[in-house]
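The values are calculated or read from the model by the stated rules, or taken from the named source; none is laboratory data. Not measured: the values here are computed from a predicted model. We place every Cβ from the backbone using ideal geometry, glycine too, and count neighbours over all the protein chains shown.
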Amino acid sequence: MSETPQGAPETGLAGGALNEFVEIVKTVVYALAIALFLRILFFQPFTIPSASMEPNLYEGDYVIVSKFSYGYSRHSIPFSPPLFEGRVMGKVAQRGDIVVFKLPSDNRTDYIKRVVGIGGDRVQMRNGLLYVNDKLIQRLPESPVKSIMPSGEVVDVARFQERLESGKSYDTQDFGPDGAEDNTETFVVPEGYYFMMGDNRDNSSDSRVPPFESGVGMVPAENLVGKAQIVLLSWNPEASIFKPWTWVLDARPSRFFKVLK
């Protein structure tokens, strides 16, 4: 029987298991550090929780947001620590961009809307039509579609294509010209702020609604998290992580890898 020489380190099973455990922990720490680095500087995933951005984003869509599109603020970091104010390497969001931002009233809740007004713009809704700087945003009618209201009711809605002066176009939905936010005052967007609206115009609480009425109000540039770029994956709202069969049965492959505009 061999014996461990006097003064030699112990290298039995216990020592080997400990070394293996240490290596696993190091690997996990490295992987988390890399994931955190990528999440802060480059991309972050979000799940769409409501129908406010239909027909472009649906509840259950899993979108990827680019963090570098508008530079970085404290909201680029998980839990928004108060490390600094303003934006580093900041860039101005453009009208028509789909943006994830922190709700100004609590600086914590993630919202996703479309930019319709930037600093200095005048924004108004008249009979369901969008005016920016007193100019009507061109709107072309398309085929009517069905939409699900928050109550679960299925209703017919009109679909329109809005076209900005820049040439950018996107689809919107509208239940009619007499909705609660279809006729508004003229909002003047302060410098360093944005005016956000949902594409599902009559089913969106956005900058048309003040914070004291559970709306969004004006969004400071600091609150921008990033630009929504692509629908990576998508499931029906009935899908559940605790029901593996729904991962397949409730998948919406026609929406996979859909580039947003």
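Figures for the structure shown
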{"item": "Residue match in region 73-82 (condition: surrounded by 20 or more Cβ atoms within 10 Å (Cβ to Cβ), within 21 Å of PHE195 (Cβ to Cβ), out of contact with any Gly (no Cβ under 9 Å at 6 or more places or on another chain) and at pLDDT 95 or above)", "result": "no"}
{"item": "The lone exception for GLU165 - which of (1) touching a Lys or Arg at 6+ places or on another chain (Cβ under 8 Å); (2) within 22 Å of SER205 (Cα to Cα) it fails", "result": "(2)"}
{"item": "Region 206-229: number of residues that are hydroxyl-bearing (Ser, Thr, Tyr) and either over 20 Å from VAL123 (Cβ atoms) or surrounded by fewer than 16 Cβ atoms within 10 Å (Cβ to Cβ) (or both)", "result": "1"}
{"item": "Residues (in contact with a Phe, Trp or Tyr (Cβ under 9 Å, 6 or more places away or on another chain) and within 21 Å of VAL92 (Cα to Cα)) located in region 138-168", "result": "ARG163, LEU164"}
{"item": "Region 181-205 - residue that is of a type outside the set (Phe, Trp, Tyr), buried (at least 20 other Cβ atoms within 10 Å of the Cβ) and assigned to a strand (DSSP E or B) and, of those, farthest from the chain's Cα centre (by Cα)", "result": "ASN200"}
{"item": "Residue count, region 227-255 (criterion: assigned to a loop (DSSP other than H, G, I, E, B) and within 10 Å of TYR62 (Cα to Cα))", "result": "0"}
{"item": "Exclusive hit being among the charged types (D, E, K, R) and over 17 Å from TYR131 (Cα atoms), set GLU191, GLU162", "result": "GLU191"}
{"item": "Residue identified as under 20 Å from the mean Cα position of the chain (by Cα) and surrounded by fewer than 17 Cβ atoms within 10 Å (Cβ to Cβ) among ASP97, ASP106, ASP134, ASP156", "result": "ASP106"}
{"item": "Where GLN161 falls short, out of the listed (1) surrounded by 15 or more Cβ atoms within 10 Å (Cβ to Cβ); (2) assigned to a strand (DSSP E or B)", "result": "(1)"}
{"item": "Residues located in region 233-246, provided they are surrounded by 13 or more Cβ atoms within 10 Å (Cβ to Cβ) and without any contact (Cβ under 8 Å) to a residue 24 or more places away in the chain", "result": "THR246"}
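For every residue, the table says whether it meets (1) in contact with a helix residue (DSSP H, G or I) (Cβ under 8 Å, 6 or more places away or on another chain); (2) within 28 Å of ARG139 (Cα to Cα); (3) in a helix (DSSP H, G or I); (4) charged (D, E, K, R).
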{"residue": "PRO49", "(1), (2), (3), (4)": "no, yes, no, no"}
{"residue": "SER52", "(1), (2), (3), (4)": "no, yes, no, no"}
{"residue": "SER80", "(1), (2), (3), (4)": "yes, no, no, no"}
{"residue": "GLU85", "(1), (2), (3), (4)": "yes, no, no, yes"}
{"residue": "GLY90", "(1), (2), (3), (4)": "yes, no, no, no"}
{"residue": "VAL116", "(1), (2), (3), (4)": "no, yes, no, no"}
{"residue": "GLY120", "(1), (2), (3), (4)": "no, yes, no, no"}
{"residue": "GLN124", "(1), (2), (3), (4)": "no, yes, no, no"}
